[in-house]
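What follows is a short report on a single structure.
The values are calculated or read from the model by the stated rules, or taken from the named source; none is laboratory data. Computed from a predicted structure; not experimentally measured. Neighbour counts run over all protein chains shown; Cβ positions are idealised from the backbone, glycine included.
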Amino acid sequence: MRIISGTAHRDLAERIATELDTTLADVHVTAFPDGETFVRINENIRGEDVFLVQPTCPPTNHNVMELLIMVDAARRASAERITAVIPFFGYARQDRKDQPRVPITAKLVANLLTSAGVDRVLTMDLHAPQIQGFFDIPVDHLYAKPALIGYIREKVGDPSGLTVVSPDVGGTKLARAYADAIGTDLAIVAKHRVSATQVEAMNVIGEVEGRDVMLVDDMTETAGTLCAAAEILARHGARRVFAGVSHAVLGELGRQRIKDSAIEEVITTDSVPQAGGEKVHVCGIGGLMAEAIRRIAGGQSVTSLFDV
């Protein structure tokens with residue numbers, strides 16, 4: 001087994017390697033003066049089971065291209081099998097034609113990975129689970145819930161006073177999974193998106209008055225959805241507002257909104273290096289990813305990793 005890291009999130013790759021009691025392969029990744037990416041693998045990987053760790057987070061185009069180049073380098077070095085470990089799958093929101101003359105970029109990225117030589121994909125909490133079907137190769141789709149749920153239980157204490165809330169109708173299934181795992185009720189915030197960075201929350205379906213609430217979402221970038229939902233929940237009498245997010249791809253706008261919002265704490269994973277900031281608690285997924293890699297390499301089932 002060889003673990004190779006790109007430049008997108010080397011810290012996570014190192015934590016995965018440590019959990020597997022190994023070290024990262026010696027790989028030189030650099031750029032020419034004109035911006036072209038160059039990759040050289042400085043170890044013999046002929047006949048090896050290679051795992052390339054590279055979340056396709058911002059800068060998304062650069063990280064996708066770097067991943068493709070690493071895959072090509074590994075394939076031409078005669079690796080036996082290449083698994084792309086993509087904790088955060090960029091372009092996942094472009095999964096359908098919801099307007100005339102627009103691309104389905106998630107499918108394009110899947111095609112590019114397959115054509116480059118990827119034999120298997122390991123990812124976590126896809127924005128649209130049906131993206132698994134865009135690949136004609138095996139996809140192991142993990143969930144952040146086992147990594148987050150322990151800290152969530154510790155933070156909220158007695159679950160009888162907690163309501164899990166979906167910030168929109170589309171996230172109801174994910175929120176229901178958290179509510180069932182914690183053993184509590186579910187509510188939904190009906191929202192209206194004004195633009196890519198602005199969300200106007202409208203109403204609350206369910207009981208939140210006098211209760212702690214846990215907003216659950218798969219990802220946030222500008223935190224517009226979470227903060228608008230938190231505001232309306234506070235107006236409806238919620239006692240404390242927390243948020244559990246699989247991928248916190250936060251920029252300055254998102255961090256500032258969280259800091260100024262009614263949210264007491266955002267609980268997320270280290271799937272991307274952008275996760276962090278004031279009122280943000282990061283739970284590690286190095287152990288979860290490492291165990292999945294260990295089982296894939298050993299030909300074992302990863303199903304039990306879904307259990308809380």
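Some observations on this one:
- Residue within segment 287-301 that is surrounded by 17 or more Cβ atoms within 10 Å (Cβ to Cβ), part of a helix (DSSP H, G or I) and basic (Lys, Arg) present: no
- Complete set of residues in segment 152-191 that are assigned to a strand (DSSP E or B) and in contact with a Phe, Trp or Tyr (Cβ under 8 Å, 6 or more places away or on another chain): Val164
- Exactly one residue among Ile131, Ile69, Ile137 is more than 22 Å from Met289 (Cα to Cα) and hydrophobic (A, V, I, L, M, F, W, C), and that residue is Ile69.
- Candidates are the residues of segment 160-171 that are surrounded by 17 or more Cβ atoms within 10 Å (Cβ to Cβ) and over 14 Å from Arg239 (Cβ atoms); the one that is nearest to the chain's Cα centre (by Cα) is Gly171.
- Strands (runs of 3 or more DSSP E) wholly inside segment 16-70 containing at least 1 residues that are free of Cβ contacts under 8 Å to residues at least 24 places away in the same chain and of a type in the set (Val, Ile, Thr): 27-31
- Among the residues here, Ile4 does not qualify as closer than 30 Å to Glu252 by Cβ, modelled with pLDDT of 95 or more and of a type in the set (Val, Ile, Thr).
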